[in-house]
Structure formats: C-alpha cells, structure tokens
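For reference, the structure is listed below as structure tokens.
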Amino acid sequence: QALSSRSGPSSILVSPRQKGNPILNGVKTVVWEFSDIPADYVLGATTCALFLSLKYHRLHPEYIYNRIRDLRGQYNLRILLTMVDIENHEESLRELSKTSLANNVTIMLCWSAQEAGRYLELYKTFEHAAPTSIRAQQSTSYSDKLVEFITVPRSINKTDALGLVSNFGSVRTAINAGPEEIGLIAGWGEKKVQRWCNAVREPFRLKQ
Amino acid sequence: MPSDERAPVKLSLPLEFQQDIFKELREEDELIIIARGLGLLRIVTNLLHSYDAAGNNLILLVGADERENVWIGEALAEHAAVSMSPKARGLSLVNTDLMSVGTREKMYVQGGIFSITSRILIVDFLSGLLNPETVTGVVVLHAEKVVATSLEAFILRIYRQKNKSGFLKAFSDSPEPFTTGFAPLTNMMKNLFLQKPALYPRFHVTVAKSLEGRKKAEVIELEVPMTEAMRDIQNAVLECVEASISELRKSNTGIEMEDWTLDSALHRNFDTTIRRQLDPVWHRTSFKTRQIVRDLSLLRTILHALLAYDAVNFNKYLDTVLAASQPPPGSTKQNQSPWLFLDAADTIFTTAKRRVYEGKISNTDLINNPNVVPDSLRPVLEEFPKWTQLAEILQEIERDSYLNPAPQDSSNGSILIMCGDQGTCSQLREYLQTMYVRLGGEEDEDDFQEPSASFMMRRRLRSYLAWKRDFSKVSSVLFSENEKAINSSTDQRIQNRKANKPPPNKRRRVRGGGTAVSGPSRTDTGAVRTAGDRDAHIASLMAELKPTEIESMQKTEIGLDPLENMEDYYELFDMNDLVIIHPYEGDMDEHVLEETKPRYVIMYEPDAAFIRRIEVYRSSHTDRTVKVFFMYYGGSVEEQRYLSTVRREKDAFTRLIRERGNMALTINPTNTDPQESFLRTINTRIAGGGRLAATAQPPRVVVDVREFRSSLPSLLHGQSIIVVPCMLTVGDYILTPQICIERKSVRDLIGSFANGRLYNQVEAMMEHYKSPMLLIEFDQNKSFTLEPFSDLSVSSGAASVVPDLQSKIVMLTLAFPRLKIIWSSSPYQTAEIFSELKKNADEPDPLKAVQLGLDPDMQGDEIRSFNQVTQDMLRALPGMNEKAVMTLILEVENLQELANLEEREICGLIGTDIGRRVYRFFNRSVWEDVAVPMLG
C-alpha cells in the first residue's frame, strides 16, 4: 500500500489532529513525527490507531464513526485507543463493544495519558516481534520451576514447596509420598496435604 | 399418601431446643442460624430421615462438604435401621464428574436423598437431566455462602421458578457472614427464597435451659504461662506484623486501611482480611505490596507454629522459611521481604535457635575453618509448659480414679485429649509414650519420676541435625546458579519398619483416634531419610546426643498407628484405660464424644464450639459425668483468638436479632415469572418498531460447563437468556453462530499468558469462528483499570526485558488482528454486553458448538477434563507445550503415574526433547549425592 512505503521504519506517524494531545508526552522511547494520515497514529505497516476519549464520545457520539469510515478499510489491525476518563463508562463501553465487531476495530482501554502513550510505544516496539513470550512458557531455572509446579494447588506457598522437596529429595518422591508422611512436615496442615495429594492422584480426564 | 407422611420415625433429638427446631422445620420453610457446636448436623439428619422414611421423594442436599456427606450418609443408614423403616433409601452422592450422565439420570428417576455438588446440579437442572418440578424439597447447608452471585443462589432461583410447592430449608452455624453489608440478613433471605429466619444463639432461652437445666459439666480452666523465649518470639513476630502493615500503608495510599491494626492482626485470618481489602486493586499493586501480603500469611503461620510445633520443629520450620525467602540471584535489597531486615526478625531466628541448642552453628564458621570443632555446642531443648501441665493432669486423673473408683454411670473412664490438628496429636502421642523414659543411668536413684520430654526432644534434635545437613545442600542445589546436570536419581523409599511390640514401660496404651493414621512410617530417627555426614560440628553435637542404651531400646514406631495390625491388637484395648488423642474436626467431634464416652476430657487448646459440644453431650446423657480440663497459654495469641471468636459470634447474633426485628415483611417475593420478565425486556428493546420476530425464539447462549464456576451464567439467566451448558472445546461462550468468546478474569489473564494457554485458545477460536472475542472481565467492586500504582515511567524503558500485562495484550492483538477485545467492569456488565451483542442475530447451535475443534479421532467427552489444577500443574512442567499437555492428558492417568514413568516412556509420548526435561524435573535429587543410611 501507498502508506507503508511512506512510514519510516522506526517512527510513529502522528496526524496533526493529535497535536497537543497529552498522550504524546507519554511517548518517550520511540520517535514520532507528524504526517498527513487518515488515522490518528500509524504504528506499523499494517497497524493504525484512533484515539477516543470517552468524555468526548459522550458529547459527540457520531465522531468516532466518521473517523472509522474515513479509514476506508485500510490497515489490518485498527486499534481504538479509548481513554476511560468518566465514571459512568458502562453504556459507552457496551456500545463500543458492539461497534468493534461491526466496524472491525480492536478496543484497547487506558486510564491515563501516560498509559496511552505507553501503548503507542508498545505497538511500535513489538511491530516485528515474534509473539514468543506469550506463546509458550518461558524457560526458567530449576528452582523456579519447582516452586511454580508445587504451588499450583491453592494455599501451598513457596516455603511449603521447599519443605516438601527438602524432605523427600525429589519431586517424584514427593508425589509418591502418602498424606501421613507429608503431614509431618512443618507448615503442611491437613488442608494443604489433602490438596496436594488430590492434585497428584486425581485423574486428568473424565472416564466413561 | 397421607399415611406415609406420618410414618413412625424414631428421632435422636434429646434436647428441647433440638426438638423445637425439628418441629418448626417440619411445618414451614425456614433459615436456621444456630451457634456453633449445638449439633446442627444432628438436626439435619433427623429432618432428612423423617422425609426419607416416608419414601417416594426426591430431596436435594446442597452445599454439604465431604465430611458432612459421610456423616449424613452414616447417620441416615443408622436411623433407617433404628426406625426399621422399609422405605428409607439413605443418601446418594453425586459429587464427581466421573459419574456419567446416564447413571445420574437413572438415579434421579429412582428418587431418594441426593447430595449433589452445586456445579453438577446446576448443569443437570439447566440441561434438563433433572427436572426441578420433580423435586420434593431442597435442604441447603452452609447457607452463609449463598450470596447473590453464588451457584447455590442460581440453583435455588431455578428451583423456585419451576417449582413453587416443594419445601426449602436452609442451615448455617456461622452467623458472622450474615452481618456484613447493608441489611445483610434481608438480602440473604432473598437469595435463599425464604421469608422466616430462626436464630438459635447459645444465649437463646430454650438453648440455655436445655444446656444448663440439668447437671452441668465440670470445667477446670488452666492458664499455662508461656516460657520467656516463647513470649519473646511472639512479641517479635507481632512487631514484624506491625512493621509489615505500616509498610503496606506507606506503599498503598488511597486505600481504606483504618482497621489494619495490630489488634486485628490477632484475629485468625488477618492476612485474608487484608488480602480481601486489597483485592479490588490487586492487579494494580506493586510486586512489593504482594510480597508483604504473602509475608503476612507467613508470619501468621509462624505465630501458629510457635504454639503448635515443638522447639526443634519450630526451628526447622524457620530454617525453611529463611531459605525460601532468599532473594533470587542478582536481585537487589528491594526485592527482599522487609520484615527480614528488622531486629525483631533476628530475635525470632536467634531465640528459636536458642530454644534448641546453644553455640554457633553458622555456615561462615564452616567455610572459614572447616576442621575446627566448636566446643561450645550444647543442646537446650526447651519443652512446652503445656506438656508438663498435661502430665500433671493425667497424674491427677490417675489419683482421682483411684480414690473414686467407677462411679455409677455409663461413661467408661477413658480420657479424651482434644488438640488443634493431626500434627499436635502425634506430638502429644509421642510425648505421652516417652515421658517416663529415662536417658539411662540415673533412673534407679529415685522412684518418683518427673515426666519429661527430653527423650523425645533429643530424638527430634538428632533427626533435625540430619535434616539440616542435607538441607544446606538443598538450598545450594536449588538456589545456586550453577545448573549442573545432576541425574543421580536417588529414590530412597523408606523402609517400612514394622516393630509393633508395645513399649515396655507404658502405663496406658495410647491409641490414635484419628481416621487417617495408616501408611508408611519413618525410620526411628523420625527423619524421612538419612544421609552422609559433612559438617564436623554437627558431628560433635551428634556425639553429644548419641542414643543411650535405653534410648536405642525404644525402637517402636511412635506417632503413627499402623492400622495393618489393628486386628491383632484391637480387642486388647480396654476402654477404661484408654487415652484418646483427637484433633478438633467441627461437627465430627460429636461422634468422638458419643463413641468414647469419656469421663475426662482435656482440651489441649481452647475451642469454643467444643465446649458447647460437651454441654450438649452432657445434657443429652444425664447418666454420664464428664470432667473437663481446659488449657491455654496466658497472654498468648491463642487466648486472644479464643476470646475474640466468642465475642464476635455473640455480637453477630445480637445484630441479627436486631435486624430480624426491623425486617420488612415481603409478601410473596417469588413473582419473578420468567415469561413475564422476558416479554418486558423485549418490549423495551423494540421501541421504534423493531423486529417482532425476536419473540419467536428466546435468546440463547451456549456456555462451557467449566464456566459454571463463575457467576456469569447465573447473571445471563437473570437477563432472561437461556443458558445451555455444553462441553466446549473452543471458547467459553457462544453467543451467535459467529461470535465465540473466551472469558478471562484479570488473574486468569495473567496466568494464561504466562503458560501460553491463551495463545492456543485464541488460535483455536480464530480457526473456527468468524468473530472471536476475548473478554477481559474485571471483578465487581474491583477497580476497573490495569494501571499499576507504581510509576509507569520507571518500567517503560525496560518494557521489552520483562513484559508486563499491557505489553502481552499488545502482542496478542498484533498476532491476531481479527481478535476483538471486550472490556467489562463486572460480570453484571458482561451480561448486558452479551445481550447487546446478541440483538438481531441468529441463535447459536449447541450441537455444532460442541463439535467444533474436536479431534475427529477422539470421542467428545473423553478429552474433556474438569480438573483444572492438574492441567495447570502439567503446564508448569519444564518445556511443556499445549500439544504435549494434550498427549499426556490422554495417555497418562494422573500426575503420580507420570512422575513414575521411565525416561524412555515419557520420551516415547512427548518426544525426546521435552520428555527428557520432564523426566529430569521429576527425578532430579536436591540432595545432590547419594545418601548413606546412618543413625540406627
């Protein structure tokens, strides 16, 4: 598309309409420049954003629809960066939820100018990033994994996890241990013992 | 048939107030709030039996927990036998998802009394498996939990909408939850669809008359002073609590925090109270705040451990606490728990150590000069003052029963000792068995032996030292950064020694009265395992503690009661010489009293409900005498807590009585005809001449059965939307043939980002639906923002290093541009948004929704698991991805089986790469080197 060639590789394009918007003060780690674009912000080759303050939206409900129409279906990901700056936001948000489906925009809520600026930064920063950090769990050290695994059942904490492995030596032994043995470890009350033993012995799936 | 209604039933309600309640309940529907310990379950079982005996009914019991189910089941069977009622069918349990739909349907048709897990009951109601109109009546236990958005309230609403004639009775023995909020009792009555509350506090006239009219139980109160060290530790812990609270105050300005005082810290659950107060803003709190809240829980446990664990085990627990509080490598002081820097924290650790031994045992010594043996090590082994007191009481009882042998009554002379938990039970058991064991040499000098715990304590110290040695290894293995591949799987299952000879010099046989005291036992050092030696100075202390001749003779298993040999010994127990040690277990304690018929009861820890149980027991059996000894540490947290529970219960009842007096009479509150309100909603929506066709089909939403944990299905139902429960593979809610929604609370969102689950869920939705949506649902009353309290500018520079929630949402939308996000400030709001989205759209097809996303090779129900916890644990395993999780769920029975698989078996299932990591995770030993058994 024509726009993608114009957008610089590293800067956010800002429509002159947004001049004076305090959220621009929140954009610090990424460079931005004014440019004549139909959207408020262009955050990547296929990503743009419209900014909407709910306060304004309540006074001029038609405004945002006009702006969305002006985009004329361009951009793959169209963010509607919505600032929640009123108390009774329920009705507006309900309406916007419906709009987002009908007009193919993705709503992102923010509660301060600073946060809004940060979202702009994030979209630009992650433009080419692979979603690895949300796709699978991150590898961590053995001790972290150990604690993470043991503390999944409710109310079992890190101290308990440590007490458990230090008494049994390995996770396998701890899993095989009976409730009486575990109950003798300091800190492991009946409820915790019950939860742990249930968690490791209950079947994963439904049996017919 | 009327004759059935009045079938003769034998009741077991000896006291007047119990009979009153029973009669009232037979006549009308009520909410009964009764003081703890007055025998609520007994009333419930009698009531259920009276219906059971009549036969030909379908009665649902809602809200009963596992223990109550067992109790009620047994009691109903007993009643049926006593009344010889041929029609009684007893209790049927529907409490697991592993029971198939067909079985359930058959059971419901047969009728009887059913205790059903709420989540299953609501699904069965909605799916039509169980028609509410066929239900004879509903009995609700734990009525205090029936808040407006609860599943139980949802169940009762459906029941009352469809069935106006069936009975409905609710019970609670916890008045406190009924007193918070505005007109709480009235609201609860509304949720319960009941109009008449009946209150039975301990000070109720009939209750008082029933319990005090006849012979009262003799109670001797004993205030035991704490040792100085115990008091020091308690004060130090409280100081840490205070410091943590003020730290919280500092970092969370703008939050209601007036009642965060040390005083409230003495309550049982001050950490949960604070947690609840912070809950509305939890997702915005800083790492530090969360850590302090965690610390508070920890400090509360320490406070409890101080009075429950003996000096050695307490110190051991503190060692674990200290190791677990080690900051992760490379972190700064700011990441440490603030209380650890206080002088008071130092007091806790040093005093606790001084109660065990004196002299230095620090690791720095070891590193500097590993060959020098410190010569000043000396075991101290402070004993609990209550132990001596307990021994004295037993002596007194001995004398007493010698002087007044066998009074004319039907108690059988046994002694019942009640304490807080199983751990204390086994501690006391061991103490009583060994308190007259001498360390050798001196015992023939004087005939009169002072009871002492030194034998037990020395043994515990030995096992502690053995543990300590390995524990330093564990810490270094876990918390040192060198991640060596240690593959020495040293699975030393404990040799189960079966030495069941009774100890030679025991005066009374001590037997555990608990239900779960079987299974493998420990080596006679009390340690689960032993290991090779390393530290010279521990060796010296060990030498000091070398078992004396007499000690090594005592090889019997202590603390555990192996049930395998029960048959051989059971008949030998003479009820008259029995000391029974039992933990408090709520209503179950009534059984203990009834079964043991004790002449003496020693309450090792205070428990208000148990005192009432004794009163009830005493008044129910006029021919039995009971003497009660009641122990508590003076000036301790234990005493404070006891007093405050008594006070709070009384206050709660007083307020309830007042509110009942002012309660407005609601006439016929059940006019929520679904038909009518449905038409009403349609009418308002068609303003301006919309499509009348909407009336042709009521709006419908397909909901995944696991979603019934949340309140949203109930609220959707409240919006007059038909909720169709189904097993969904893709999405949680299907609104229209196009719209599929995955619901995440803020906490779920963080969790499912972390383990990659959300990515996969969204991916699946993208594949099957035109309009996939992610619903981010905030809690009612929770602040509706993701913004953290801390300054954003600090973290924004390092955003790419540690991705926070916001950046993860950004990544998700970048990865799936077609995904839309619904931001909802509460489940109520969500329900509104859903009906908005559904307007003028086609209704979803449940059958199609169920089939989407299913692997064609697998049958639908098979892969669906309800067990979120075990699945989350699978996901926490190293290297796991969604495919591997699925494979394991299908191929392996449970975690235990998985943990015991051979390496090649795991690799065969999920591939060499992940398989090896998972195998290593389970089998890696934290003790590093192969242990050598020692300390015979």
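The values are calculated or read from the model by the stated rules, or taken from the named source; none is laboratory data. Note that the structure is predicted; figures quoted are calculated from it, not measured. Reconstructed Cβ throughout: ideal geometry from the backbone, glycine too, with neighbour counts over all protein chains shown. Heads up: the accessible areas ignore ligands, DNA and RNA and are worked out on the full protein's heavy atoms, side chains in. Shrake-Rupley method; radii C 1.70, N 1.55, O 1.52, S 1.80 Å.
For every other residue with a beta carbon closer than 12 angstrom to the beta carbon of residue B:428, add +1 if it is Lys or Arg and -1 if Asp or Glu, then tell me the sum. If you can, show how the numbers build up before the last one.
On the way: positive: B:386, B:429; negative: B:310, B:421, B:430, B:605.
Around residue B:428, the surrounding residues sum to -2.
In order along the range A:178-187, phi translates into HN-Hα couplings of x, x, 5, 5, 5, x, 7, 6, 4, x Hz, rounded to whole numbers, per the Karplus curve 6.51 cos²θ - 1.76 cosθ + 1.60 with θ = phi - 60° and x for Gly and Pro.
Our note on the geometry: Cα centres of the range B:215-250 and the range B:719-734, 51 Å apart.
For the range B:49-55, the Karplus equation 6.51 cos²θ - 1.76 cosθ + 1.60, evaluated at θ = phi - 60°, returns couplings of 5, 4, 7, 4, 5, 5, x Hz by residue, with Gly and Pro reported as x.
For chain A, what is the percent of antiparallel DSSP beta bridges, rounded to the nearest 5?
Working: 4 of 19 bridges.
Counting only bridges with both partners in chain A, antiparallel ones make up about 20 percent.
Around the amide H of residue B:603, modelled in the peptide plane, lie the amide H atoms of B:418, B:629, B:630, B:631, all under 5 Å away and 5 or more residues distant in sequence or on another chain. Label-to-label distance, residue B:212 versus residue B:66, with points set 7 angstrom from Cα along the beta-carbon direction: 4.0 nm.
Amide H contacts for residue B:581 (H built 1.01 Å from N in the peptide plane; partners 5 or more residues away or on another chain; cut-off under 5 Å): B:417, B:511, B:513. Across peptide B:77-90, the average count of Cβ atoms from other chains found within 10 Å of a residue's Cβ is 0. Take the alpha carbon atoms of the range A:167-208, find their center, do the same for the range B:148-191, and report the distance between the two centers in whole angstrom. Rounded to whole Å, the Cα centres lie 36 Å apart. Note on residue A:130/residue B:346: beta-carbon distance plugged into 1/(1 + (r/R0)^6) with R0 of 45 Å gives a FRET efficiency of 0.40. A protection proxy built from the mean count of other Cβ atoms within 10 Å ranks the segments B:461-469, B:82-90, most packed first, as B:461-469, B:82-90. Rounded to the nearest 0.05, the FRET efficiency derived from the C-beta distance between residue B:95 and residue B:902 at R0 = 35 Å is 0.50. Just grab the label-to-label distance for residue B:183 and residue B:162, each label 7 Å out from Cα along the Cβ direction, in nm (one decimal). It works out to 3.1 nm between the two label points. Here the accessible area is traced with a 1.4 Å probe on the protein chains. For the range B:16-212, carbon and sulfur cover 54 percent of it.
In this simple spin-label model, placing a label point 7 Å from the Cα along the Cα-to-Cβ direction at both residue B:358 and residue A:45 gives a separation of 7.8 nm. Coupling constants for the range B:756-772 follow from the phi torsions by the Karplus curve (6.51 cos²θ - 1.76 cosθ + 1.60, θ = phi - 60°), and in residue order they are x, 5, 4, 4, 5, 5, 5, 4, 5, 5, 4, 5, 9, 10, 6, 10, x Hz; glycine and proline get x. Estimated from the Cβ-Cβ distance and a Förster radius of 30 angstrom, the FRET efficiency linking residue A:155 and residue B:228 is about 0.35. When the trypsin sites (Lys or Arg not before Pro) in the range A:73-102 are filtered for DSSP coil states and for at most 16 other beta-carbon atoms within 10 Å of their beta-carbon, no site remains.
Amide H contacts under 5 Å for residue A:12: A:31, A:32, A:33, restricted to partners 5 or more places along the chain or on a different chain, H placed in the peptide plane at 1.01 Å from N. Tell me whether the range B:16-212 comes out rounded, prolate or oblate; compute the Cα gyration tensor, take square roots of the eigenvalues as a ≥ b ≥ c, and use a/c under 1.5 as the rounded threshold. Oblate shape, in that a/c is at least 1.5 and b/c is the bigger or equal ratio.
For the range B:160-247, the list of trypsin sites (Lys or Arg not before Pro) that fall in a loop by DSSP and count at most 14 other C-beta atoms within 10 angstrom reads B:164, B:214, B:215, B:216.
Whenever you get a sec, compute what percent of the accessible area on chain A sits on carbon and sulfur atoms (1.4 Å probe). Please report the intermediate quantities before stating the final value.
Numbers: 4300 of 8500 Å².
C and S fraction of accessible area: 51 percent.
A straight chain from residue B:660 to residue B:839 at 0.36 nm per residue would run longer than the Cα-Cα distance by 60.1 nm.
With a 1.4 Å probe on protein heavy atoms only, work out how much accessible surface B and A bury together, total over both chains, in Å² to the nearest 100. Mind dumping the intermediate values first?
On the way: alone 45220 and 13390 Å², together 49240 Å².
About 9400 Å² of accessible surface is lost on pairing.
Checking the table B:162/B:839; B:106/B:848; B:87/B:164; A:28/A:124; B:23/B:190 against a 19 Å threshold on Cα-Cα, which pairs fail? Pairs exceeding the cut-off: B:162/B:839; B:106/B:848; B:87/B:164; B:23/B:190. Peptide packing for B:414-421, A:141-148 was compared via the average number of neighbouring C-beta atoms within 10 Å per residue; ordered from the highest value, the list is B:414-421, A:141-148. Taking every C-alpha pair closer than 8 Å and separated by at least 6 residues, the mean separation divided by the residue count of the range B:16-212 gives a relative contact order of 33 percent.
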